[in-house]
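Everything below concerns the one structure shown next.
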Amino acid sequence: MIVTTKDLFRIAYGKFAVGAYNINNMEQCIGLFQGCTASQAPFIIQISKGARKYALVKMLEGLIRTAEELFPETIFAVHLDHGDEQTCYDCIDSGFYSSVMIDASHYPFDENVAITQRVVSRAHAKGISVEAELGMLGGVEEDIKVDEKHAMLTDPDDAARYVQLTGCDSLAVAIGTSHGAYKFKGRQSLHFERLAEIQARLPGFPLVMHGSSSVPQEEVLRINAAGGAMDPSARGVDEDEFATAVPLGVTKVNIDTDGRLVWTRVHREYFRDEPAKIDFRDPGKIFMAEYASFIAHKNEKLGSAGRLAEIRAALG
Ligand code: 13P
């Protein structure tokens, strides 16, 4: 069942975070629905501009609608990840999306506010909610690359002013994460003190953590052992830290890179071990099963597993 992102956030706030997973193809879609059914967790399907281009807008919509029919127990929202203004309008007008993200975080504050205000007014007219971003994460997302030295933690006073001026429904905050596989050198923690300051100024307001893959060392090592060439110093967010972030207002956690690592490991190992095979359905089946367990594991860490009955009751 497709629900509004707003309802999911209202129910989740302070208790658990909803996993927001990017999908690009059928295998990821099936694995995601299987994993969330097995773990009885609500979720957010994220569609990026890149995914809309790769898998074609209508094809993705068809996949999701069909999955909704095949997995009738599931409860989820459909969200545009890192939209520009025009893509937000396309998604708002399509009537398919529960929420859109306008990412104007690379513009100066006033311009970010003006763009976000325009998107919020078009979205709210159709009952769609808007995620916006203030501060700057490092790493590469879609066609935007931000050097670590230009990454900037979200300023708590600006965050409160920004939410008030824009009317956005949730806010992506920069608290030390970055997009992609290379987030940290060595062990590093999230900036919880900054998160607490933001929450103090925006009590009850849903905060979003982008760049939240954990980049398991084991995945990186297995990919490299099967012919990959990833930098072994790749590090991500410690998934045990989600539990600390939830009471501080984090209600949505974005995970994309970790799923790519599962795909890459499964396919590299399969073709290394079966060099004469050419049936892509064989590794495809392994991937779907592994992706489903990966999703179920993340939902446990986010505290969203086992929540479907509670959500159904809260939705009435
Ligand atoms: P990761 O690259 O850490 O998976 O983050 C994904 C993300 O934030 C998508 O918006």
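The values are calculated or read from the model by the stated rules, or taken from the named source; none is laboratory data. Every value quoted in this text rests on a predicted model; they were computed, and no experiment measured them. Cβ placement follows ideal geometry from the backbone for every residue including glycine, while neighbour counts extend to all protein chains displayed. For the accessible areas, the whole protein counts, side chains as well, though only heavy atoms, and no ligand, DNA or RNA atoms are used. Shrake-Rupley method; radii C 1.70, N 1.55, O 1.52, S 1.80 Å.
Under 6 Å between Cβ atoms, which residue pairs at least 6 apart in sequence (or on different chains) link something in the stretch 286-298 that is without any contact (Cβ under 8 Å) to a residue 24 or more places away in the chain with a partner that is in a helix (DSSP H, G or I)?
Going by the 6 Å Cβ cut-off, the qualifying pairs are ILE286/VAL266.
How about the stretch 31-122: which helices (runs of 4 or more DSSP H) wholly inside it have at least 2 residues that are open to solvent by less than 10 Å² (accessible area, probe 1.4 Å) and among the aliphatic types (A, V, I, L, M)?
Helices (runs of 4 or more DSSP H) meeting the threshold: 57-70.
If the requirement is being buried (at least 19 other Cβ atoms within 10 Å of the Cβ) and either away from the ligand (no atom under 11 Å from the Cβ) or not hydrophobic (A, V, I, L, M, F, W, C) (or both), which of these qualifies: GLU239, GLU218?
GLU239
Does ALA245 satisfy the criteria of being open to solvent by less than 30 Å² (accessible area, probe 1.4 Å), within 12 Å of the ligand (Cβ to nearest atom) and among the aliphatic types (A, V, I, L, M)?
no
Determine whether ARG265 is within 16 Å of the ligand (Cβ to nearest atom), out of contact with any helix residue (DSSP H, G or I) (no Cβ under 8 Å at 6 or more places or on another chain) and closer than 19 Å to GLU27 by Cβ.
Here the answer is no, as ARG265 does not meet what is asked.
The conditions are (1) in a loop (DSSP other than H, G, I, E, B); (2) of a type in the set (Gly, Ala, Ser); (3) touching a helix residue (DSSP H, G or I) at 6+ places or on another chain (Cβ under 8 Å); (4) open to solvent by 50 Å² or more (accessible area, probe 1.4 Å), and ALA276 fails exactly one of them. Which is it?
(3)
For the stretch 157-209: of the residues being polar (S, T, N, Q) and within 16 Å of the ligand (Cβ to nearest atom), which is most open to solvent (accessible area, probe 1.4 Å)?
Looking at residues that are polar (S, T, N, Q) and within 16 Å of the ligand (Cβ to nearest atom), I get GLN188.
If you go through the stretch 128-138 one residue at a time, do you hit one that is open to solvent by 20 Å² or more (accessible area, probe 1.4 Å) and of a type in the set (D, E, K, R)?
For the stretch 128-138, residues open to solvent by 20 Å² or more (accessible area, probe 1.4 Å) and of a type in the set (D, E, K, R): absent.
Name the residue, out of TYR21, TYR54, TYR13, that is of a type in the set (Ser, Thr, Tyr) and farther than 27 Å from LEU207 by Cα.
Details: TYR21 fails: farther than 27 Å from LEU207 by Cα; TYR13 fails: farther than 27 Å from LEU207 by Cα.
Just one listed residue meets the conditions, TYR54.
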